[in-house]
Amino acid sequence: MKAIVDPKKCSVCGVCADVCPVGAITVKEDSIDVSDDCTLCSMCVDTCEFGAICLPEVGSGPAADLASFKGIWVYAEWRDGTVHKVSHELLSAGRKLADKRGVPLSAVLLGHGINHSLTDELIAHGADSVYVVDRPELAKFTDDAYANTLVHLVREKKPEALLAGATTMGRSFVPRVAALLETGLTADCTELDISEEGLLLQTRPAFGGNVMATIICPNKRPQMATVRPKVMKPARQLDHKGTVERVDVPTSCLAARVEVLEVVPEMDQTAKLTEADVIVSGGRGLKRPENFSLIEDVAQLVNAAVGASRGAVEEGWIAPSHQVGQTGRTVAPTLYMAVGIAGAIQHVVGMQGSKIIVAVNKDPNAPIFDVATYGVVADLFDFIPAFVRKIRQERGDE
Amino acid sequence: MHIVACIKQVPDAKNVRIDPNTNTLVRQGVESIVNPFDLFAVEAALRIKDETGAKVTVITMGPPQAEQALRETIERGVDESILLSDRAFAGSDTWATSTTLAAAIRKLGDVDLIICGKQAIDGDTAQVGPELATLLDIPYATFVKEIGLMGESHFRVTRQTDEGTEVWKLPMPCLITVLKEVGEPRLPSLRHKMRAKKAEVPVWGIGQLGLDAEKVGLSGSYTQVVRVFSPPRRTDRVLIEGLPEVQAEQLFNYLKEAKVPGL
Ligand SMILES: Cc1cc2nc3c(=O)[nH]c(=O)nc-3n(C[C@H](O)[C@H](O)[C@H](O)COP(=O)(O)OP(=O)(O)OC[C@H]3O[C@@H](n4cnc5c(N)ncnc54)[C@H](O)[C@@H]3O)c2cc1C
């Protein structure tokens, strides 16, 4: 199998041949030739200005009883008696999909000590029904028990789509659910839609956000996706009514092969980072360890979390848990302020999903300005104190 | 003890970008690197080898060029490597990839621990580890930052979750996916570089793995990419110039207008 070129659309410009990482494309006199070396990486597909290249379709497995799967499901994550924000976001996204299809939206709650306030909250956010499995074996998370239980429910009720948050929990056990159900899973989606025939259109960033890809799962059900937190907008539907069903599962579902020895909750920096509405990050431009306090001052003033580039982490000015980027955390706050950070691609991939990006850098050619909403070309040692003064003055502190 | 690390060759992110004029994907050259998280997986395996004398095998599924990635791990001290390469593997999604890796590990037989990187930087799915473990019917732990032996037949691992840390006990054989905290990858040594030059890297295709061509690659995949496009570019960029006081005032007003919480 290899990429397919539509000769009617192709202009034989040869750009695809230049980007092909395996040199499988050759430019002939008046056509493009794709050899068997093609790895179906899709680089050429995106590069083609004329939309002349596509990939062949996935194997057409037993498309048998797709129609017997109905309804949209959301796996509702919760902790310490409250529903995780991402579950609200998923319910509002799921509501739209369910309405478009004319099918019910259900939420699944797993754990121990699940009370009314949790189920009420899910219904108030759009769930038509909530399935609850409340068992002491589920008090602590294990991939085995959580995945086996969810698989049991899916086999019994057959939803057409299942969404979960792309949290550490979702990204850990949901792949097991997909593998046990032998269905497709798309990770970390940022956009969801559903076609008239019920195909879930799952859009997600790839290559660190440099490319977006829309993915489908044509022949298997349920269609499964994890969704990146803080991307979808939660919506409350106060007068929405729904039912709660407590479901029994066989004890065999609840056995785990691992033993959880310790759970140490710590609202540490890493967690604070991914949940913060505002992040102020510092880079190597701060020059000296003590200058990092400038960043901390701004952060404290606007109630923000503190981030850092790897540059600053490598200098030892701040702990690695604050690092944003490819080998650090991926964040998407309302405001991300990058101070004295060059904007290397490895940093940018971790923060480009932010709603507003402010870059403070004295080099007007710094790549960080390419992704900035507001670019402040300034020496940070002049600008930051002035910015802090301005905020204080507005609040009447000075 | 026998440890298998699964690695992936990925395009260097530096070389993948959008051309601002044509708004299309540009990859300068064909430079590939070992997925950075997989180097941590290899390092984690080598640290256990240092301690226990375990044997470390590295496997990768990829085109013939991926052999280079395997040699790079031999340069760092890995004992053996296997390249899973076959035209039939092209276009694999995470399910088809896991199916192929699982067949290779079954063929190896005596494996006590499988280590994968947290995720690959091209796809960022983090799915192959858990799917592979599920296919092999062994327990797993994701986002691991510390690994230690616990007696003869268990590992004790520390996971970093969104909520904090967790310590888990896993029986062998098992699979873990690792974070960078497991340790900075060691540099290649002269001795191992010599060895890497001469090392034989067996290539296994569907024949050797006993896999049906229908079950791997694009045919064996459940998900399919239907559209690839460039993310919408920021068109709303505002440059703020002038004296620091003026800049501070302007930025403040913009952020206030945008109703940024905390301002
Ligand atoms: C495999 C790999 C993974 C990586 N992962 C990450 C990651 O997760 N996160 C990450 O951040 N990086 C990562 N990096 C590193 C990345 O490539 C950059 O080296 C790093 O982000 C640079 O940090 P920096 O911008 O703080 O430092 P520099 O590149 O040194 O930039 C400092 C900036 O500060 C500006 N500056 C200096 N003085 C002032 C001043 N007085 N006022 C205003 N501006 C000033 C300069 O103009 C410059 O732009 C990774 C690299 C590799 C190879």
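No value in this document is a laboratory result; all are computed from the given coordinates. Just so it is clear, the model here is predicted, and its values are computed rather than measured. Methodologically, a virtual Cβ is constructed for each residue, glycine included, from the backbone with ideal geometry; neighbour enumeration extends over all protein chains shown.
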Exercise for the section: Report, to the nearest 10°, how far helix B:36-52 tilts away from the longest principal axis of the Cα atoms in chain B, using its own Cα long axis and a range of 0 to 90°. Expected result: 40 degrees
Exercise for the section: Taking the Cα centre of the protein assembly as shown as origin, work out the dipole magnitude from +1 charges on Lys and Arg Cβ and -1 charges on Asp and Glu Cβ, in debye rounded to 20. Expected result: 120 debye
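Between A:ALA139 and B:MET150, what is the FRET efficiency for a Förster distance of 22 Å, r being their Cβ-Cβ separation, to the nearest 0.05? Display every interim value, and only then the final one.
Working: r = 23 Å, r/R0 = 1.03.
The formula returns an efficiency of 0.45 here.
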Handout entry: Given charges at beta-carbon only (K, R positive; D, E negative), |dipole| of segment A:249-398 in Debye
Key = 280 debye
Fill in the blank from the handout: Between A:VAL263 and B:GLU184, Cβ-based FRET efficiency (R0 30 Å, step 0.05) works out to 0.60
Practice task
May I ask for the angle, rounded to the nearest 10°, between helix B:94-108 and the longest principal axis of chain B, with both axes built from Cα atoms and the value confined to 0 to 90°?
Solution key: 30 degrees
Fill in the blank from the handout: Under the rule rounded for a/c under 1.5, else prolate if a/b exceeds b/c, else oblate, using alpha carbon gyration tensor axes a ≥ b ≥ c, segment A:66-254 is classed as rounded
Practice task
Could you name the lysines whose alpha carbon sits less than 17 Å from that of B:LYS118, not counting residues in the same chain fewer than 8 places away?
Solution key: B:LYS8, B:LYS145, B:LYS180
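Nearest 5 is fine: what % of DSSP beta bridges in the protein assembly as shown come out antiparallel, could you say? Don't skip to the answer; put the middle values down first.
Details: 47 of 120 bridges.
Of all bridge pairs located within the protein assembly as shown, approximately 40 percent are antiparallel.
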Fill in the blank from the handout: With a 28 Å threshold on alpha-carbon distance, the violating pairs from A:LYS233/B:LYS215; A:LYS85/A:LYS362; A:LYS96/A:LYS230; A:LYS220/A:LYS272; A:LYS220/B:LYS169 are A:LYS233/B:LYS215; A:LYS85/A:LYS362; A:LYS220/A:LYS272; A:LYS220/B:LYS169
Exercise for the section: Go through segment B:147-221 and name the GluC sites (Glu not before Pro) that are in a DSSP coil and have 11 or fewer other Cβ atoms within 10 Å of their Cβ. Expected result: B:GLU152, B:GLU200
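Go ahead and run the numbers for FRET between A:LYS241 and A:HIS116, Cβ-Cβ distance against an R0 of 22 Å, rounding to 0.05. Write down the numbers at each step before the final one.
Numbers: r = 14 Å, r/R0 = 0.66.
Plugging the Cβ-Cβ distance into 1/(1 + (r/R0)^6) gives 0.95.
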Completion exercise
Placing one equal point scatterer on each C-alpha of segment A:242-293 and summing with Debye, one gets log10 I(q)/I(0) at q = 0.17, 0.25 Å⁻¹ equal to -0.87, -1.00
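Provide the three semi-axes, in whole Å and in decreasing order, of the ellipsoid equivalent to segment B:42-120 as defined by the square roots of 5 times the Cα gyration tensor eigenvalues. It would help to have the intermediate numbers written out before the result.
On the way: eigenvalues 100, 41, 26 Å².
Result for segment B:42-120: semi-axes of 22, 14, 11 Å.
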Handout entry: Separation of the A:LYS70 and B:GLU214 label points, Cα + 7 Å toward Cβ, nm
Key = 3.1 nm
Exercise for the section: With a ≥ b ≥ c taken as the square roots of the eigenvalues of the C-alpha gyration tensor of segment A:173-270, please select rounded if a/c is under 1.5 and otherwise prolate if a/b is larger than b/c or oblate if it is not? Expected result: rounded
Problem - Low-density loop positions, trypsin sites (Lys or Arg not before Pro), segment A:260-343 - DSSP coil, at most 16 other Cβ in 10 Å - result: A:LYS287
Fill in the blank from the handout: Within 10 Å of the Cβ of an average residue in B:57-66, the count of other chain Cβ atoms is 1
Problem - Cα-centre dipole for chain B with unit charges at Cβ (Lys and Arg positive, Asp and Glu negative), debye to 20 - result: 480 debye
Fill in the blank from the handout: Expected integer from the mean partner chain Cβ neighbour count at 10 Å over B:114-126 is 4
Completion exercise
Rounded to the nearest 10 degrees, the helix B:244-257 long axis (Cα) sits at an angle to the longest Cα principal axis of chain B of 80 degrees
Completion exercise
Using alpha-carbon positions, the gyration tensor of chain A gives root eigenvalues a ≥ b ≥ c; with a/c under 1.5 called rounded, otherwise prolate if a/b exceeds b/c, else oblate, the class is oblate
Exercise for the section: Compute the separation of the alpha-carbon centres of segment A:179-229 and segment B:82-158 and state it in Å as a whole number. Expected result: 22 Å
